[in-house]
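Below: the structure, in structure tokens.
The values are calculated or read from the model by the stated rules, or taken from the named source; none is laboratory data. These numbers were taken from a predicted model, which means no experiment stands behind them. Positions of Cβ are backbone-derived with ideal geometry, glycine not excepted, and every protein chain shown enters the neighbour counts. All accessible areas refer to the heavy atoms of the entire protein, side chains included, with ligands and DNA or RNA removed. Shrake-Rupley method; radii C 1.70, N 1.55, O 1.52, S 1.80 Å.
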Amino acid sequence: MKTSLNPDERGYYGSFGGAFIPEMMQANVAELQEKYLDIIGTQEFKDEFDVLLRDYVGRPSPLYLATRLSEKYETNVYLKREDLNHTGAHKINNSLGQIILAKKLGKKRIIAETGAGQHGVATATACALMGLECTVFMGELDVKRQAPNVGRMKMLGAQVVPVSSGSKTLKDATNEAMRYWIANPFDTHYIIGSVVGPHPYPDMVAKFQSVISEEIRKQLKEKTGSELPDVVIACVGGGSNATGAFYHFLEEEKVRLIAAEAAGKGLESGFTAAATFKGVSGILHGSKTLFMQTDDGQVVEPHSISAGLDYPGIGPALAHWFETGRVEYQAITDEDAMQSGLELCKLEGIIPAVESSHALAVLDKTKFGKDEHVVVNLSGRGDKDLETYLKYL
Ligand SMILES: *Cc1c(COP(=O)(O)O)cnc(C)c1O
């Protein structure tokens, strides 16, 4: 099977993707399907997006040759510093892209779902910047677990709606956001936080995050004379930072792409979030993809020490790249991720998000050549994870 970078007109990447949505959501999604490529392809859109990425987010984010880490793993390790973005992770790239699009569609209100609160904070930030009303749906359990991010969203002027259905976490928040959207179709845009959901969301979010690999190519060329690294490594929750880091290398077959999935307490422990290892094909949140499910198709509760990777599935493009073998998947346990995160603190003076620590752990599990150039996407900073790290010190 040929590997596709872009979906076909029905939103399929190989056998995954599509738009499986209730009748009532059809109008909203169809409007996006018809208009998104035209709008984001205009010079006016590109100019507005570029200025915000530069002057507000602080892009380009540096590509940093981590010398002590390189010495330890006997290769050349470069860190793509998404942790230095405004709001502390890659999520802001997507929230800003979608909010500019929402304005061009004439929308007045924004809704979003959030798990750990990182996407909620990024979206509340974008709404404050643009003067749009913002409502964030968040599982009741997450509201309790992630109090600082709830506080941030409120300070930024967003309304946070606790969701008390189901397991009171991310998938329930997503269901509730979709329900609200159906009830308020005309003036509201739903900003989904990863490369998941019905077509065109996976492609739209991929294109907004693709700035990551666009920059890596330029920066690597300046540093090494070649635009192409030997390896790119990223962690996968829904898959947006990985897609952003892989995007402009996907069709360069010489570049090895490695995705780190959260194995949780271990693949066979019953407490895991590794969707390619433990998932099967089915319909989740509007698209056909791989997710962990029971024999009768009920979603299995995921587990990961990192809230950002604690999702039962992956985006349809990532399922397709697994299916074709273009992307290699590795399962990284909570324990391995924590050790690799603490190692980065000591060797490089950088405290990574626990999510990003899963990508770093691949360095310890894989042998790279001493002349190879290995890029690790550092998707976010670890300020939010101090309590989690301190338990492992
Ligand atoms: C949300 C998040 C992730 C996981 O989401 P993806 O869509 O898979 O990128 C990873 N890292 C950080 C820092 C996050 O905030």
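Couple of notes before you dig in:
- P(r) weight above 14 Å for segment 25-87, C-alpha pairs, percent: 72
- The tail of the calculated P(r) for segment 245-393 beyond 24 Å holds 34 percent of all Cα-Cα pairs.
- Estimated Rh, segment 1-110: Kirkwood, alpha-carbon pairs, angstrom: 17.3
- The residues THR3, THR123, sorted by heavy-atom accessible surface at 1.4 Å with ligands and nucleic acids left out, run THR3, THR123 from largest to smallest.
- Ordering of 143-155, 191-203, 102-114 by packing [mean C-beta count within 10 Å, highest first]: 191-203, 102-114, 143-155
- Counting Lys and Arg as +1 and Asp and Glu as -1 over every other residue whose Cβ lies under 11 Å from the Cβ of ALA317, the net charge comes to -1.
- Summing Lys and Arg as +1 and Asp and Glu as -1 over all other residues whose Cβ lies under 10 Å from the Cβ of ALA173 gives a net charge of -3.
- Convex hull per residue volume in Å³, alpha carbons only, for the chain: 128
- Using C-alpha pairs below 8 Å separated by at least 6 residues, the relative contact order for the chain is 20 percent.
- With DNA, RNA and ligands ignored, accessible area of HIS86 (1.4 Å probe; Å², nearest 10): 70
- Cα-based equivalent ellipsoid, segment 53-133: semi-axes from gyration tensor eigenvalues, Å: 33, 13, 9
- When each of LYS80/LYS171; LYS144/LYS288; LYS46/LYS221; LYS108/LYS144; LYS365/LYS391 is checked by Cα-Cα distance, pairs over 27 Å: LYS80/LYS171; LYS144/LYS288; LYS108/LYS144
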